[in-house]
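Peer 1: Got a structure here, written out as structure tokens. Questions coming.
The values are calculated or read from the model by the stated rules, or taken from the named source; none is laboratory data. All values derive from a computational prediction rather than experimental measurement. Ideal geometry is used to build each Cβ from the backbone, glycine not excepted, and the neighbour counts take in all protein chains shown. Calculation scope for accessible area: heavy atoms of the full protein, side chains included, ligands and nucleic acids excluded. Shrake-Rupley method; radii C 1.70, N 1.55, O 1.52, S 1.80 Å.
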Amino acid sequence: MVLLQPDPFLNELTNMYERTQDKGSVWVTLKRSSLKAKATRKKLESQGADVEYRCLVRATDGKKTISTSLSSKDHQRFQASYATVLRAHMNALKKRERKDKKKIAEGDKKQGGHLNKPSSKPSV
């Protein structure tokens, strides 16, 4: 696993999406991490020192894995850039087929109304 800075990570993530555009998937995970061993973290907590938690972002296409670590102040900027990358590469999704509200209402009238319609009588 390669630990990259946030900007090169986004560039490599874009390349991953482009490589897997015709066939394949990209998995992205976000996790809270201190990037320290558990024993070291416990020792710092027992001494009263504040442990800084970071956001560990990993991406893989099954062949190659990349990751980056974000501080809380970098998170907003990274999230905006990451959203732009996602929007640019979400073109293979199929649109959901939606029924018109008028057709649904007409279908309900023919069937006798809603089956799960609450009664107008108050429960005692």
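Peer 1: Compute, for residue 42, the solvent-accessible surface of its heavy atoms (probe 1.4 Å) with the complete set of protein chains present, and express it in square angstrom to the nearest 10.
Peer 2: Its heavy atoms expose roughly 120 Å² to the probe.
Peer 1: Multiply the residue separation of residue 12 and residue 75 by 0.36 nm, subtract the distance between their alpha-carbon atoms, and state the gained length in nm to one decimal.
Peer 2: Separation in residues times 0.36 nm, less the Cα-Cα distance, equals 20.9 nm.
Peer 1: Along each of the three principal axes of the Cα atoms of region 1-85, give the extent in whole Å, ordering the values from largest to smallest.
Peer 2: 53, 26, 15
Peer 1: Sorted by accessible area (1.4 Å probe), largest first, how do 10, 3, 86 line up?
Peer 2: Final ranking, largest accessible area leading: 3, 86, 10.
Peer 1: Now for a different question. Evaluate E = 1/(1 + (r/R0)^6) for residue 27 and residue 90, where r is the Cβ-Cβ distance and R0 equals 22 Å; express this FRET efficiency to the nearest 0.05.
Peer 2: 0.90
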